[in-house]
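Following: one structure in structure tokens, then a few remarks.
The values are calculated or read from the model by the stated rules, or taken from the named source; none is laboratory data. Computed from a prediction, not measured in an experiment: that's the story for all the values here. Neighbour counts run over all protein chains shown; Cβ positions are idealised from the backbone, glycine included. Quick note on the areas: whole protein, heavy atoms, side chains included, nothing else; ligands and nucleic acids left out. Shrake-Rupley method; radii C 1.70, N 1.55, O 1.52, S 1.80 Å.
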Amino acid sequence: MFFDILRPMKTIMTFLSCLSFSLLAQSEPFFTESGEAFSFKDQEDIAFDPRGKFSTNSVLIVRDQTILYERYANGYDKEKPHRLWSMTKSLSSLLIGMRLKDLDLTPERPISADLPSLSSNFKDQITVRHLLHMSSGLNWNEFYERNPFQSDVIEMLYLSKDMGKFVASKESIAAPGTRFHYSSGETNLLMDWFKKTFKNDFQAHDLYPQKRLFDPLEVKDATWEQDASGTFVGSSYAYMSPRSLAKIGLLVLNEGKWPLKESEEQSQLVDPLYLKDSFKLAPSVCQTNLSNLMKDSSYGQHWWLNKACPGKKKPFDKVSKDIILAYGHHGQTLVLFPKHNVVAIRFGADKEGTFSRYKWITAISKELNND
Amino acid sequence: MTRTLLALLLLSSCQPKILKVVSANFAKEYCSCLFVEKQSSTYCRDYAKQFISIDSLERTENLIRVRAFDFESEASFISPQMGCKLTSHPEG
């Protein structure tokens, strides 16, 4: 009888303890403020220079789960998602790596096995790896506002209902793997390949980024837009807050394992071997006679790098060759400093394109090395 | 003024394809700026504008309709996860 009276009380107590635990769990932020003596003043003077013709919307620098520097402008704040533009390509790379692992495939998979509608003469030789390396050999003009009249990327993004099909109609102008040519088309062809691997399970395809990448990281503000045919626009159209993007950066620095703390039960979200391959210089980069603007380009599997081809300079000559980068239109920048476990993010809207990534990244590196 | 004259000169010699882009570009980027990035309409109008101006902009609850050079485009906000999509636009 006595225990019968206690039973409802026990239920209430259990409910209250669960409630307080969940409230505690919800209120505990992932990032904490730093008590460290970093000023990052030099990078701040560069990013928020009032004389600059560019517009920095936010800068976030974190080490592990500690915020070292954070500043917002122009109506943005820590809650608001920002467009990643071409930094989306690096998220696409993570997704492709995860999908290859699911299907027990290697990046040497010919895309024609799943995408039979390619026009290229080399269609049976183009692999997932070639697309990741931007070296399919498909003809492409990657111009934006500066030359919209001959731009394939503008036609793909704004006039094409099926972006993968648009890219698949392009002819080859080089054999696969022999020529590096930065192309948003290659990413969206990859994303079409990604979609085709789900056969007709559109729901599984549509939920994949959320379930497999954003939910485990508790990224709640991510958006990834699709074209009219339901293909994720992997070249350009993901959005998230700087803090969420910093979590993606930390996942990469942690070799694909999440959560970061080894004391907690970790899941291997991205294959570490795939990530290691992602940060190797694509052979086609060094084989290609690049134009002035791109002459010191350093590119892996949809990530920019700081590794030099033989006889050439590193893009950031005063910064470690180990840094990993993602760039987007209008000055979007993500930098991973593996030796320091630091992620730096700069969002902007530089229609004039005068923000100097070189100066900004060099200033951050200098301060980290003085630590 | 010089930029406008240059733009008109270029437009007169180019294919109509570029004219079709104007409304589609504005509709898509304005929609994402407003509904995904949650910025103000003033900021988004300024962000989405190009060197050629549009003729009209209509906004209903989840839809942006833009007209420029006799071409019309619509972008719709689908969901917080899927963002905006061009739901009607001239094809290339």
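Before moving on, here are some points about what is shown:
- Relative contact order of the range B:22-88, pairs being alpha-carbon contacts under 8 Å that are 6 or more residues apart, as %: 36 percent
- Of A:Leu213, A:Phe232, A:Trp303, farthest towards positive along the dipole that unit charges on Lys, Arg, Asp, Glu beta carbons give chain A: A:Trp303
- Dipole in debye (nearest 20) - chain A, about Cα centre, beta carbon charges: Lys, Arg +1; Asp, Glu -1: 700 debye
- Apportionment of accessible area to carbon and sulfur, the protein assembly as shown, percent (1.4 Å): 53 percent
- Debye, to nearest 20: dipole size of the range A:285-371, +1 on Lys, Arg Cβ, -1 on Asp, Glu Cβ: 220 debye
- Here's the picture: charge each Lys and Arg Cβ at +1 and each Asp and Glu Cβ at -1 in the protein assembly as shown, and of A:Trp193, A:Val319, A:Ile345 the one pushed furthest to the positive end of that dipole is A:Val319.
- Short-range pairs are left out: with C-alpha atoms under 8 Å and at least six residues apart, the relative contact order of the range A:46-154 is 12 percent.
- Gyration tensor (alpha-carbon) shape descriptor, the range B:22-88, a/c threshold 1.5: oblate
- Rounded to the nearest 20, the Cβ-based charge dipole of the range B:22-88 about its Cα centre (Lys and Arg +1, Asp and Glu -1) stands at 140 debye.
- In straight-distance terms, cross-link reach from A:Lys314 covers every one of the aspartates and glutamates whose alpha-carbon lies under 13 Å from its own, apart from those fewer than eight places away in the same chain; here that gives A:Asp296, A:Asp322.
- Pairwise centroid distance, computed over Cα atoms, of the range A:154-203 with the range A:42-90, Å: 30 Å
- Across chain A, the relative contact order, built from alpha-carbon pairs under 8 Å that are at least six residues apart, equals 22 percent.
- Solvent-accessible area of A:Trp140, all protein chains in place: 10 Å² (probe radius 1.4 Å, heavy atoms, ligands and nucleic acids excluded).
- For chain A, the mean residue ellipticity at 222 nm estimated from helices alone is -10000 deg cm²/dmol, where every DSSP H run of n ≥ 4 contributes -39500 (n - 2.57) and the total is divided by all residues, rounded to the nearest 500.
- Three-way shape label, the protein assembly as shown, alpha-carbon gyration tensor, a/c 1.5: rounded
- Spatially proximal lysines relative to A:Lys161 (Cα-Cα < 24 Å; intrachain offsets below 8 disregarded): A:Lys89, A:Lys123, A:Lys170, A:Lys195, A:Lys196, A:Lys199, B:Lys17, B:Lys20, B:Lys28, B:Lys49, B:Lys85
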